[in-house]
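Engineer: Have a look at this one before I ask anything.
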Amino acid sequence: MEALKTDEELKAHLMMTHPEFRLNYEQHHEFELRLNDLESKAHLSDDEQMEEVRLKKLKLHAKDRMLEIMARYRTEHVTA
């Protein structure tokens, strides 16, 4: 298999072949949409502020997990 050169190529490949990567990608996107909704408000209630912090942590965790999967894939598929 030809080496996947860019992050975008690798993401596209993993979206099709790696269920955990796809799940984290979808969750990351959902968290981003919800955060955009919150950030569009002029004022956040206390509950919304706590939700914003929670969503940012979850979004970061999903991104970290995707990056771990990408790094592991590259390590396991290095061609000499």
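Engineer: Between a first residue in the range 44-65 that is closer than 20 Å to Tyr25 by Cα and a second residue that is part of a helix (DSSP H, G or I) and charged (D, E, K, R), which pairs have beta carbons less than 7 Å apart while being 6 or more apart in sequence or on different chains?
Structural biologist: Leu55/Arg34; Lys59/Glu32
Engineer: Starting from residues that are over 25 Å from Arg74 (Cβ atoms) and of a type in the set (A, V, I, L, M), keep the ones in the range 1-55 and report whichever is surrounded by the most Cβ atoms within 10 Å (Cβ to Cβ).
Structural biologist: Leu55
Engineer: Identify, please: which residue in the range 56-80 is closer than 15 Å to Leu10 by Cα and of a type in the set (A, V, I, L, M) and is, among those, surrounded by the fewest Cβ atoms within 10 Å (Cβ to Cβ)?
Structural biologist: Val78
Engineer: Within the range 6-13, is there a residue that is more than 16 Å from the chain's Cα centre (by Cα), in a loop (DSSP other than H, G, I, E, B) and without any contact (Cβ under 8 Å) to a residue 24 or more places away in the chain? Outline the logic, then answer.
Structural biologist: Step one: of the range 6-13, the residues more than 16 Å from the chain's Cα centre (by Cα) are 6.
Still in the running and in a loop (DSSP other than H, G, I, E, B): 6.
Restricting the remaining residues to those that are without any contact (Cβ under 8 Å) to a residue 24 or more places away in the chain gives 6.
Among the residues of the range 6-13, at least one is more than 16 Å from the chain's Cα centre (by Cα), in a loop (DSSP other than H, G, I, E, B) and without any contact (Cβ under 8 Å) to a residue 24 or more places away in the chain, which makes the answer yes.
Computed from the coordinates by the stated procedures, all read-outs in this text should not be read as laboratory data. Quick caveat, the model's predicted, so the values are computed rather than measured. Quick reminder, even Gly has a Cβ in these numbers, built from the backbone with ideal geometry, and neighbours come from all protein chains shown.
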